[in-house]
Amino acid sequence: MKKALLFFLTAVTLTACTPPATTDGGTTVPADSSLAAADSTPAPQPVDSTTAVADNGEGSDAGNTGTTPTPKVDNGNNTATDAGNTGGGRVRDPNLANTKMFKVTGNILVAGSYCGGAAPSKEMEEEARRPKPFANQGFLIRSGKMNALGTAMATRTRTDANGTFNVELAPGTYCMVLEEKERVRDAAFYNNQGVVVDKPCDQKWLNTCDLSFTVADKNISGLRLTLNKKCFIASFSPCLTWNGPLPPAAAPRGSEK
């Protein structure tokens, strides 16, 4: 009797110490690791909504992970893709991407004077003063009614062999100037030997427009600008006077009898 009671108590104790079975995905498996079946299907992982990024397919989204496209660089050659035709490799203005653009064309001429040492004939003087195409010359175009030195430009342009320029611009008022008016003068300019400079006059000239125009709602053509060039002076500023040596006097060509 005592042996039977001892056997019964031992069986109850072993049963109480065995852990209950666990459930994995609706399947009951024994708690004993030696009998548990492996679950080959990994549990789904939570998505971190703060780091997940969607690709909107715009521009050149690197790796298709970002929502902001890489800005397109304007090379100034393709008016279909280069908004504002800004040129110079600058990133185009995104505000102009959907703005209607209008074509602006014009002609730049340059006139001078006879720069020889001998007295010129009437024909030579007339030929020197006759306006000629200002070919292959660069110009800047800024928004507004004055040339604010150092500010952003709407575009650049360059004349062709006939002195003609072509640009595309959004509606607005524009100031077109020579490239030498792009920035303030350095100190060496006002210390150039042989040239007398009226500095206040020159600084005022730098801020003036060589050609002003307004783009409204149509293309503009027929703009014309004639620049005057002084002898022996590289700048077009009217505030400079040549005070250096002059070429030796000689009989002008065509005067010999």
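The values are calculated or read from the model by the stated rules, or taken from the named source; none is laboratory data. The shown structure was predicted, so the numbers you read here are calculated from the model rather than taken from an experiment. For neighbour counting, all protein chains shown are included, and Cβ atoms are generated from backbone atoms with ideal geometry for every residue, glycine included. For the accessible areas, the whole protein counts, side chains as well, though only heavy atoms, and no ligand, DNA or RNA atoms are used. Shrake-Rupley method; radii C 1.70, N 1.55, O 1.52, S 1.80 Å.
Couple of notes before you dig in:
- Exclusive hit being at positive phi and either modelled with pLDDT of 95 or more or of a type in the set (D, E, K, R) (or both), set N136, N147: N136
- Strands (runs of 3 or more DSSP E) fully within the range 115-201 counting 1 or more residues that are surrounded by fewer than 17 Cβ atoms within 10 Å (Cβ to Cβ) and not polar (S, T, N, Q): 138-143, 155-158, 172-178, 195-197
- Residue identified as more than 30 Å from S121 (Cβ to Cβ) and free of Cβ contacts under 8 Å to residues at least 24 places away in the same chain among P171, P200: P200
- Whichever residue in the range 223-239 is assigned to a strand (DSSP E or B) and open to solvent by 70 Å² or more (accessible area, probe 1.4 Å) and, among such residues, is farthest from R129 (Cα to Cα): R224
- In the range 202-215, the qualifying residues are those that are open to solvent by less than 40 Å² (accessible area, probe 1.4 Å) and more than 24 Å from the chain's Cα centre (by Cα), and the one that is farthest from I233 (Cα to Cα) is W205.
- Index of the failed condition, G244 passing every other in (1) of a type in the set (G, A, S); (2) touching a Gly at 6+ places or on another chain (Cβ under 8 Å); (3) not in a loop (DSSP other than H, G, I, E, B): (3)
- Residue in the range 101-110 that is under 21 Å from F236 (Cβ atoms), modelled with pLDDT of 95 or more and part of a loop (DSSP other than H, G, I, E, B) present: no
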